[in-house]
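Below: one structure, written as structure tokens.
The values are calculated or read from the model by the stated rules, or taken from the named source; none is laboratory data. The shown structure was predicted, so the numbers you read here are calculated from the model rather than taken from an experiment. Cβ: placed from backbone, ideal geometry, glycine included. Neighbour counts: every protein chain shown.
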Amino acid sequence: MLNPVSRPAGNPLPATGPVVSPPTGEVEFSYNPQDQVVMAPTTTKVKGVQAGPSTERASLAGTRLEPKDGKYVYDPADKDYVAAATLATVAKTVEVMEKAYGSKIPWAFRSEKIRVYPDAGKDFNAYYSRNAGSLNFFHDTDPKTNQVVFSGKSGEVVSHEVGHAMLDGIRPDYLGTWGTDPGGFHESFGDIMGMLMALQDDTSVEIIATQTGGDLSKQNSLAHTGEELGAAINNSVGKNVTGGNYVRNAINNFTWQDPSTLPDRGGPDQLGSEVHSWSRLWTGAFYDVLKGMVDQNMADGMSPAQALKAAGQENLQMYGYLLKDAPRGEFTYQQMANTLLKVDSKYMGGKNQELLRQVYTDRKILNPSLYASETEAFVPSDPNAPAVRSLGVTLSGDDFGMFSGAKVETQVDGSFPLGKDADSQNRLKANMKRLIAQGRILYTEPHQKLTTKDYFDSEGLPYTGVVRWVDGQMTIERVPIVS
Ligand SMILES: [Zn+2]
């Protein structure tokens, strides 16, 4: 809109209306780093905005936005609100993590900009697709409240999906593996991004400070991820499958157990080997570390809000460093925990060694006998080795059912000793056996054409692997889609 004050008197607007050029540069957007049931929307300034709108790293797809007064700020009831808030959250999450990482975060696909679909149709879901180079959010009606729930309205849900995209950009090999730990870490990293973004925002921090008084053992909206979506999922299933009004809760007491002994999905108080369920162990440990930092900050005299904000910043920086040195290919939670210890001592003066050891030992992720011996727990870095290499097996026998005879590959660290390949191959077979038993591998016939929707099961969960026929040979490929 033209500013009427600046319009010379006697020079009426043309009957067709003025052509408004879209705002560029630093532009204000609707934004909610939490969830609309937790706090009212706020606004944020997004840098590097171009027409579209897009930023250097993300573009709005499937819809357009009409700027209002040089901004993309709307009432939450406005149809444009969801698109503005979703794009702003994607842009801010990338911006914040790039700062902590210290450089541009590459995408795992060719485009410079990730395509953001704020409302890709009817579903209670959200997912990242490497093939499409996109983040996809949906809407559906909560059958109990009759409210239409948009997954893109929740900053936590959006930051979770951006977390997948960023992690895939830095370590694309993780989505070439089949283990519970790389899969669980991918999910946990998304939830952690949601929490770290909530701790970047003053309004959100004030709310969490009021809810907890700085004691993070109290239930609060930081620990609860995706409140509105979680409630809608429970209402549509007809029972409390998530444990409360959230998709996941970072407050838990899970400790490491052999995933092969666990049920598939588990439940609110039961860890499962499905990646979202298994992610709660890593997320619980992250949250304990955060709590330990907040406790220390409070003991040092900070207010609850100051303590939360500082701990959020410290954890953000630690995860930025973690991305630099994170293991390659198949890894275990134990290796990732050791990498956290290593980045804390390498980049952050070793300030949190004791806290990290305590938390990851209590969670039974770290074995105390491995603390001092980095060589045991670390994949050795040989500068001449390729970053990752593929390792394959042919599945054969009754364990693999209709998939017997299929070839499958995983990714391992390039400098991983060749002598350990047999161990990796055995783990790969065990992972395939588990995934096949859990129905996570999609069988296809030769020449069968698949659409995007085929990659999701009846509950909307993307399959982990899909059968491709290569020169008549059944091959199981990893599906690079994560929800
Ligand atoms: Zn996810």
Of everything in the stretch 157-175, what is within 11 Å of the ligand (Cβ to nearest atom) and of a type in the set (V, I, T)? Give them in sequence order. V157, V162
I'd like the full set of residues that are in contact with an Asp or Glu (Cβ under 9 Å, 6 or more places away or on another chain), among the aliphatic types (A, V, I, L, M) and modelled with pLDDT under 60, limited to the stretch 1-43. M1
Name the pairs: first residue in the stretch 468-483 and of a type outside the set (K, R), second residue within 16 Å of the ligand (Cβ to nearest atom) and in a strand (DSSP E or B), Cβ to Cβ under 6 Å, at least 6 apart or on different chains? V479/P462; I481/Y127; I481/S129; I481/P462; V482/Y128; S483/Y127; S483/P462
State which residue is farthest from R265 (Cα to Cα) when the search covers only the stretch 442-461 and only residues that are part of a loop (DSSP other than H, G, I, E, B) and among the acidic types (D, E). E445
Residue among S415, S404, S396 that alone is at pLDDT below 95 and among the polar types (S, T, N, Q): S415
I'd like to check something: does the stretch 145-152 contain any residue that is aromatic (F, W, Y) and under 30 Å from A326 (Cα atoms)? no
Filter the stretch 244-293 down to residues that are within 19 Å of the chain's Cα centre (by Cα), away from the ligand (no atom under 16 Å from the Cβ) and over 23 Å from N338 (Cβ atoms), then give me how many there are. 1
Does the stretch 445-463 contain at least one residue that is outside the structural domain of H160 (by TED's automatic domain parsing), among the aliphatic types (A, V, I, L, M), more than 16 Å from the ligand (Cβ to nearest atom) and within 24 Å of S188 (Cβ to Cβ)? no
Residues that are of a type in the set (G, A, S) and in contact with an Asp or Glu (Cβ under 9 Å, 6 or more places away or on another chain), drawn from the stretch 64-87: G70, A83, A84
Selected residue [farther than 21 Å from S483 by Cβ, assigned by TED's automatic domain parsing to the domain that holds K218 and not small (G, A, S)] from P327, P268, P259: P327
Can you tell me which of G401, G392, G439, G419 is outside the structural domain of G184 (by TED's automatic domain parsing), part of a loop (DSSP other than H, G, I, E, B) and not aliphatic (A, V, I, L, M)? G439
Expected output for the stretch 247-262 (first residue farther than 13 Å from Y333 by Cα, partner hydrophobic (A, V, I, L, M, F, W, C), Cβ below 6 Å, 6+ apart or cross-chain) is V247/L229; N249/A223; A250/A223; I251/A223; F254/L271; F254/L281; L262/L271
For R440, are the conditions met, namely being within 16 Å of the ligand (Cβ to nearest atom) and either modelled with pLDDT of 95 or more or more than 17 Å from H276 (Cα to Cα) (or both)? yes
Out of curiosity, is L341 touching a Leu at 6+ places or on another chain (Cβ under 9 Å), closer than 25 Å to P386 by Cα and in a helix (DSSP H, G or I)? yes
Pick from the stretch 114-131 the residues that are in a loop (DSSP other than H, G, I, E, B) and touching a helix residue (DSSP H, G or I) at 6+ places or on another chain (Cβ under 7 Å): which of them is nearest to the ligand (Cβ to nearest atom)? N125
Yes or no: the stretch 185-202 includes at least one residue that is under 28 Å from K122 (Cβ atoms), surrounded by fewer than 19 Cβ atoms within 10 Å (Cβ to Cβ) and of a type in the set (G, A, S). no
Unmet criterion (only one of (1) among the small types (G, A, S); (2) more than 18 Å from T55 (Cα to Cα); (3) touching a residue at least 60 places away in the same chain (Cβ under 8 Å); (4) touching a Gly at 6+ places or on another chain (Cβ under 7 Å)) for S129: (4)
In the stretch 404-416, which residues are in a strand (DSSP E or B) and among the polar types (S, T, N, Q)? T410, Q411
Kindly indicate which of D168, D202, D258 is over 27 Å from A326 (Cβ atoms) and acidic (D, E). D202
Tell me yes or no: at least one residue of the stretch 302-311 is within 21 Å of H160 (Cα to Cα), within 16 Å of the ligand (Cβ to nearest atom) and either touching a residue at least 40 places away in the same chain (Cβ under 8 Å) or in a loop (DSSP other than H, G, I, E, B) (or both). no
Residues that are more than 15 Å from the ligand (Cβ to nearest atom), within 19 Å of F456 (Cβ to Cβ) and among the hydrophobic types (A, V, I, L, M, F, W, C), drawn from the stretch 132-149: A132, V149
I'm trying to understand the selection: among the residues of the stretch 176-227, which are within 16 Å of the ligand (Cβ to nearest atom), out of contact with any Ser or Thr (no Cβ under 6 Å at 6 or more places or on another chain) and β-branched (V, I, T)? I192, T225
If you scan the stretch 226-266, which residues turn out to be of a type in the set (G, A, S) and closer than 14 Å to R280 by Cβ? G226, G230, G243, G244, A250, G266
Give me the pairs: first residue in the stretch 196-211 and without any contact (Cβ under 8 Å) to a residue 12 or more places away in the chain and within 19 Å of D288 (Cα to Cα), second residue among the hydroxyl-bearing types (S, T, Y) and part of a helix (DSSP H, G or I), beta-carbon distance under 8 Å, and six or more apart or on different chains, which are they? none
